[in-house]
Amino acid sequence: MDSIYTELRWLPRPPETFAEQLKQLAPGPHLGDELRRLATSALDLNQLTRLARSIARLKKGGATLQPLLPIRLALLSNATIQMLAPALVASAARHGFDLELLHPPYGQVAQEALDTGSSINRARPDAVLFALDHRALALDPCPGDRDAAEATVQRALDYYRQLSDGIKQGCDALCIFETLAAPPEALFGSLDRALPGTLRNLIDRINAELATFASSTGNVLLDTAAIAETVGLAAWHSPTLWNLAKLPFADEFIPLYAEHVARTLAAIRGKSRKVLVLDLDNTLWGGIIGDDGIANIRIAQGDPVGEAHLALQRMALELRRRGVVLAVCSKNTDEVARRPFLQHPEVLLKLEHIAVFQANWNDKATNLRAIAEELSLGLESLVFLDDNPMERGLVRSLLPQVAVPELPDDPAGYARTLAAAGYFEAIAFAEEDRRRADYYQENARRASLMSQVGGVEAYLASLGMTITFHPFDAAGRARIVQLINKSNQYNLTTRRYTEHEVFAAEADPSVFTMQVRLEDIFGDNGMISVVICRPAVELAAWEIDTWLMSCRVLGREVEHVVLRQLIEHARHDGVRKLIGRYLPSERNAIASGHYAKLGFVKVQQEPCGASLWERSVEAEPPQCPPMKVISEGFLPRSKQATEEGVVA
Amino acid sequence: MDEALIYAKLTEIVHDVLDDDGIVLTPELSAKQVRGWDSLAHLRLMLTIEKSFHIAFSTEEMSKRGRIGDLVGRIQARLQSHPVRQE
C-alpha cells in the first residue's frame with residue numbers, strides 16, 4: 001500500500017506513447033490543456049523531467065500555455081534543487097499552472113531573503129518556498145540541557161522570522177515554510193523523543209512552533225515532515241545521495257514532494273476541489289443494491305469488506321464537516337438507489353448530507369455536468385470517485401476538468417487513496433468553511449436531465465470492445481445459473497432456473513442458448529448477458545424466454561450486438577420471427593423499453609404491465625457500435641466454422 | 001543477463017534520461033562525448049539503472065563517470081552478486 005504515495009497511484013498510468021506525445025506538442029490553443037492532461041498521470045522523475053524540458057522548449061519558442069495560470073515561485077534551499085526543479089514545473093502543470101521557477105545558486109538562502117536588492121527580491125515572485133531541512137539550521141544537539149535546547153529552538157524560529165521579514169520587505173511575496181523531517185538515527189532510542197536537546201526533541205519542538213509561526217504571520221506551511229513520515233523516514237533520508245550530490249531526500253520521493261508543492265500552490269490560488277461525487281454500488285457499499293437488495297449489500301461492521309466501504313463513508317462525512325460538498329452519481333433507479341440511505345441501519349451517510357443525488361441511467365459525464373450546474377460550480381471543482389475503470393475512463397476522456405482518482409482493486413484502499421490524492425488541500429480553515437456544504441445544499445435545485453453528451457459514441461469506439469458468444473456449456477454453467485438467479489434490473493422476464501434446468505436447456509437441441517462475454521481495454525468484464533430461446537407455438541418462430549444483461553455494461557449498446565447475433569442464428573435455423581416478452585417486476589423498469597428500442601413491434605399489452613413483442617428476422621438489423629465479434633461453439637446448429645468479424 | 005541484453009536495456013534508459021533517442025551506446029563511448037550527460041543527468045541515470053536492474057551501487061560507483069564499457073561491467077558485477085529479481 002505504501003506505493004500509493006511514492007508512485008502517485010491515484011493518477012492513471014502515463015500513456016505508452018508518452019515520449020512520442022511530448023515530441024508532438026506544438027503551439028496552439030489547446031497546448032495548455034494538452035500539457036495538463038499529460039501531467040495528470042503517475043509520472044516518475046525521468047518522465048517529469050522530460051515533460052518540463054518540453055515545456056521549456058515550447059516556451060522558448062514563444063508558445064503561450066493558456067489556460068495554464070502563470071505563477072512565479074522562488075525556491076530557496078540548503079540542498080541541491082536542480083533535480084527537483086523540472087519535477088516542480090511538470091507537477092505544477094498537473095494543477096493548472098505555468099510555473100516559472102526562480103532559484104539562486106546553491107546555499108544563498110539568507111542572502112537572497114535578507115538583501116532587498118537580491119535577485120529574488122528584485123524578481124518579485126508570487127511566492128517563496130523555503131525548502132530547508134534540519135541541516136539548514138545546523139542544530140547542535142545538547143541532550144539533557146534544557147536551556148541550551150530552548151535557545152536552539154528560539155534561534156531556529158528567529159531565523160525563520162528573519163527570512164519571512166526579509167521577503168516581506170524585499171518583495172512582499174507569500175512565504176512557504178517546511179517542517180523538518182527527523183533523521184532516523186537515534187542517539188538514545190525512545191528517550192530521544194522526551195529528552196530536551198536531542199535532535200528528535202529539537203525537531204519536534206521546532207516543527208510545532210513553526211506551524212504556529214507560519215499561520216500567525218499569514219504565511220503557509222508545507223508539512224514535509226508528514227510526507228516523510230508517511231513514506232518512512234529511513235527511506236526518505238538517503239545518506240548516499242546527500243553525500244554524493246546534497247540531495248535533501250531520496251530521489252524516488254521527488255514526484256510526491258513536487259506534487260505536494262504544486263497542490264499547496266493550488267490551495268493558495270483557491271484552485272482546490274470543492275465537491276466529492278460518489279458512485280454507489282461497489283464504491284460506497286459492496287455489492288449492487290438493485291440486484292443484491294438491502295439485506296445483502298456489504299456495509300456492516302464485522303464484515304471486512306463492509307468495513308472498508310464504511311471507512312470511505314466515514315471519510316466522506318468528515319470531508320463534509322470541513323466544508324466539502326457531497327454528491328451522488330450512480331447508474332441506478334432513483335428510488336432503489338436511495339433505499340440504503342433510508343433503510344440500512346449501518347449506512348453512515350444520510351440523504352441530508354448529499355447536496356445533489358443523480359441516480360438514473362444516463363451516462364456519468366452527463367450527470368456530472370448536471371451536478372456542477374446544480375451547484376453553480378465549474379467542473380474543475382469536482383472529484384469523481386468510482387470503482388469502475390470504464391466509467392473513470394469515460395469521464396476522464398469527456399470531462400478532463402473533473403479529477404477522477406484511480407482506485408485499487410481492494411476497497412480497503414479506497415479511503416487512503418482518496419486522501420493521498422489531496423484534492424481538498426487547504427491552507428486555512430474558517431468558520432464559514434464549516435457551513436459551506438450546507439450552503440451549497442440549500443441552493444441546489446433538483447438537477448434536470450441533460451441532453452446526452454456528444455462524444456459518447458467516439459468513446460465507445462475507443463474502448464476496443466470484444467464481444468464473445470458461446471452456447472451454454474459446462475464451463476459457463478455456474479455463472480449462468482448465478483446470473484439467472486441474481487439479475488434483477490436488466491432482466492426482461494426475471495425467470496429463475498435451477499442448475500438442473502439450465503443443464504436441460506443446454507442439452508435440448510430445440511432450445512437455443514447463448515452466453516455473452518465482453519472484454520475491453522480495461523480488462524475482462526466476464527459474462528455479461530444470457531439468452532434462452534424456445535420454439536414458439538407457431539411455426540418457424542422463437543420465443544425469447546430469458547434475456548438478461550449485467551448493469552455494468554449498460555449504455556454500451558451490447559444488446560444491439562446480441563440481437564444481431566440472435567437474428568443470424570435464427571435465420572440459420574430457418575426461424576422467421578422472434579417473439580419477446582417483458583414481464584415487469586419491482587426492479588426491472590430499466591428494461592421496459594428494451595424491445596421497442598431494438599425494433600420489435602408490440603402486439604399485446606396486458607393490464608398488469610406485461611407486454612408481448614414481435615420482430616421479423618428479415619427487418620433491418622439494428623445499428624451496432626464498433627466491436628470485435630467472436631462467435632464460437634454453435635456447432636452443429638449454427639454455421640459450420642468459427643466466425644469472426646467486425647461489426648461496423 | 002547477457003551483455004547484449006544489458007546494452008539494450010541501458011540504451012532505453014539513456015534515451016529516457018537524456019531525452020535523446022539518437023544516442024548509440026558503444027563500449028568506448030564516454031559521458032563527455034554525449035551532449036547533456038552532465039553530473040546531474042549522470043546521477044539520474046545511475047538511480048534509474050539501480051531501479052531498472054534491481055541493483056544497488058556504492059557511493060564510489062555512483063560517482064564514476066567513465067566509458068560505457070566500464071559501466072556495463074559494473075552492472076554485470078552487481079547482477080552477479082545480486083541476481084536480478086524475476087518479474
Matching residues in segment A:36-56 - criterion: being in contact with a Gly (Cβ under 9 Å, 6 or more places away or on another chain) and closer than 12 Å to A:E259 by Cβ: none
Kindly list the number of the only condition in (1) within 14 Å of chain B (Cβ to nearest Cβ); (2) modelled with pLDDT of 95 or more; (3) out of contact with any His (no Cβ under 7 Å at 6 or more places or on another chain) that fails for A:T240. (2)
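Conditions tested, residue by residue: (1) modelled with pLDDT under 95; (2) of a type in the set (F, W, Y); (3) farther than 30 Å from A:H30 by Cα; (4) outside any helix (DSSP H, G or I).
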{"residue": "A:E346", "(1), (2), (3), (4)": "yes, no, yes, yes"}
{"residue": "A:A355", "(1), (2), (3), (4)": "yes, no, yes, yes"}
{"residue": "A:E373", "(1), (2), (3), (4)": "yes, no, no, no"}
{"residue": "A:S376", "(1), (2), (3), (4)": "yes, no, no, yes"}
{"residue": "A:V395", "(1), (2), (3), (4)": "no, no, no, no"}
{"residue": "A:G413", "(1), (2), (3), (4)": "no, no, yes, no"}
{"residue": "A:R434", "(1), (2), (3), (4)": "yes, no, yes, no"}
Consider only pairs whose beta carbons are under 9 Å apart and that are at least six residues apart or on different chains; among these, list those whose first residue lies in segment A:179-191 and is touching a residue at least 60 places away in the same chain (Cβ under 8 Å) and whose second residue is in a loop (DSSP other than H, G, I, E, B). A:A181/A:D133; A:A181/A:H237; A:A181/A:P248; A:A181/A:F249
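Test A:E406 against the criterion of being in contact with a helix residue (DSSP H, G or I) (Cβ under 8 Å, 6 or more places away or on another chain) and in a loop (DSSP other than H, G, I, E, B), and give yes or no.
In short, yes.
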In segment A:572-580, is there at least one residue being touching a residue at least 60 places away in the same chain (Cβ under 8 Å), closer than 18 Å to A:I528 by Cβ and in a loop (DSSP other than H, G, I, E, B)? no
A:S3 passes all but one of the listed conditions (1) within 14 Å of chain B (Cβ to nearest Cβ); (2) modelled with pLDDT of 95 or more; the exception is number (2)
Kindly indicate whether A:A316 is under 17 Å from the mean Cα position of the chain (by Cα) and part of a strand (DSSP E or B). no
Does B:T59 satisfy being more than 23 Å from A:S54 (Cβ to Cβ), hydroxyl-bearing (S, T, Y) and within 14 Å of another protein chain (Cβ to nearest Cβ)? yes
For segment A:500-510, state whether one or more residues are surrounded by 16 or more Cβ atoms within 10 Å (Cβ to Cβ), touching a strand residue (DSSP E or B) at 6+ places or on another chain (Cβ under 6 Å) and closer than 30 Å to A:D409 by Cβ. no
State whether one or more residues within segment A:41-51 are away from every other protein chain (no Cβ under 14 Å), outside any loop (DSSP other than H, G, I, E, B) and either closer than 28 Å to B:L47 by Cβ or of a type in the set (G, A, S) (or both). no
Answer residue from segment A:19-40, given it is surrounded by fewer than 17 Cβ atoms within 10 Å (Cβ to Cβ) and assigned to a loop (DSSP other than H, G, I, E, B) and is farthest from the other protein chains (Cβ to nearest Cβ) among those: A:P29
Does A:D192 count as surrounded by 17 or more Cβ atoms within 10 Å (Cβ to Cβ), more than 14 Å from chain B (Cβ to nearest Cβ), in a helix (DSSP H, G or I) and out of contact with any Asp or Glu (no Cβ under 7 Å at 6 or more places or on another chain)? yes
For segment A:484-504, enumerate the residues that are within 11 Å of A:V531 (Cα to Cα) and either in a helix (DSSP H, G or I) or acidic (D, E) (or both). A:I484
Go through (1) under 13 Å from the mean Cα position of the chain (by Cα); (2) exposed (fewer than 15 other Cβ atoms within 10 Å of the Cβ); (3) over 22 Å from A:P86 (Cα atoms); (4) within 14 Å of chain A (Cβ to nearest Cβ) and name the single condition B:A77 misses. (4)
Give me the residue from segment A:155-171 that is of a type in the set (D, E, K, R) and surrounded by 14 or more Cβ atoms within 10 Å (Cβ to Cβ) and, out of that set, farthest from A:A211 (Cα to Cα). A:K168
Can you tell me how many residues in segment A:622-634 are outside any strand (DSSP E or B) and out of contact with any Leu (no Cβ under 7 Å at 6 or more places or on another chain)? 6
Is there any pair with a first residue in segment A:295-311 that is part of a loop (DSSP other than H, G, I, E, B) and a second that is aromatic (F, W, Y) whose Cβ atoms are under 7 Å apart and which are 6 or more apart or on different chains, and what are they? A:I297/A:W285; A:I299/A:W285
Name every residue in segment A:301-329 that is of a type in the set (K, R) and in contact with a strand residue (DSSP E or B) (Cβ under 9 Å, 6 or more places away or on another chain), in order of residue number. A:R320
Looking only at segment A:267-282, decide whether some residue is at pLDDT 95 or above and either within 14 Å of chain B (Cβ to nearest Cβ) or on the phi > 0 side of the Ramachandran plot (or both). yes
Tell me, yes or no, whether segment A:215-235 has at least one residue that is in a helix (DSSP H, G or I), at pLDDT below 95 and more than 27 Å from A:D44 (Cα to Cα). yes
Which residue, of B:R35, B:R67, is more than 22 Å from A:T240 (Cα to Cα), away from chain A (no Cβ under 11 Å) and modelled with pLDDT of 90 or more? B:R67
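Just name the residue that is surrounded by the fewest Cβ atoms within 10 Å (Cβ to Cβ) out of those in segment A:243-266 that are more than 14 Å from chain B (Cβ to nearest Cβ) and of a type outside the set (A, V, I, L, M). Before you say what the answer is, go through the steps one by one.
Residues of segment A:243-266 more than 14 Å from chain B (Cβ to nearest Cβ): A:256-266.
Those left that are additionally of a type outside the set (A, V, I, L, M): A:257, A:259-260, A:263-264.
Numbers: A:Y257: 23, A:E259: 28, A:H260: 20, A:R263: 22, A:T264: 23.
Across segment A:243-266, the extreme among qualifying residues is A:H260.
Any residue at all in segment A:244-255 that is part of a loop (DSSP other than H, G, I, E, B), among the aliphatic types (A, V, I, L, M) and either farther than 18 Å from A:Q82 by Cβ or assigned by TED's automatic domain parsing to the domain that holds A:Q82 (or both)?
yes
Going residue by residue through segment A:63-77, is there one that turns out to be within 21 Å of B:G36 (Cβ to Cβ), crowded, with 20+ Cβ neighbours inside 10 Å, of a type outside the set (S, T, N, Q) and without any contact (Cβ under 8 Å) to a residue 60 or more places away in the chain?
no
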Based on this model, can you work out whether A:V575 counts as more than 30 Å from A:A359 (Cα to Cα) and within 43 Å of the chain's Cα centre (by Cα)? no
For B:L40, only one of the following conditions fails: (1) within 14 Å of chain A (Cβ to nearest Cβ); (2) of a type outside the set (G, A, S); (3) under 11 Å from the mean Cα position of the chain (by Cα). What is its number? (3)
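Can you name every residue in segment A:533-568 that is assigned to a loop (DSSP other than H, G, I, E, B), of a type outside the set (D, E), free of Cβ contacts under 8 Å to residues at least 60 places away in the same chain and on the phi < 0 side of the Ramachandran plot?
Of everything in segment A:533-568, those that are assigned to a loop (DSSP other than H, G, I, E, B), of a type outside the set (D, E), free of Cβ contacts under 8 Å to residues at least 60 places away in the same chain and on the phi < 0 side of the Ramachandran plot turn out to be A:A536, A:V537, A:L539.
The values are calculated or read from the model by the stated rules, or taken from the named source; none is laboratory data. Keep in mind it's a predicted model, so treat the numbers as computed, not measured. Heads up, the Cβs are rebuilt from the backbone with ideal geometry, glycines too, and the neighbour counts pull from every protein chain shown.
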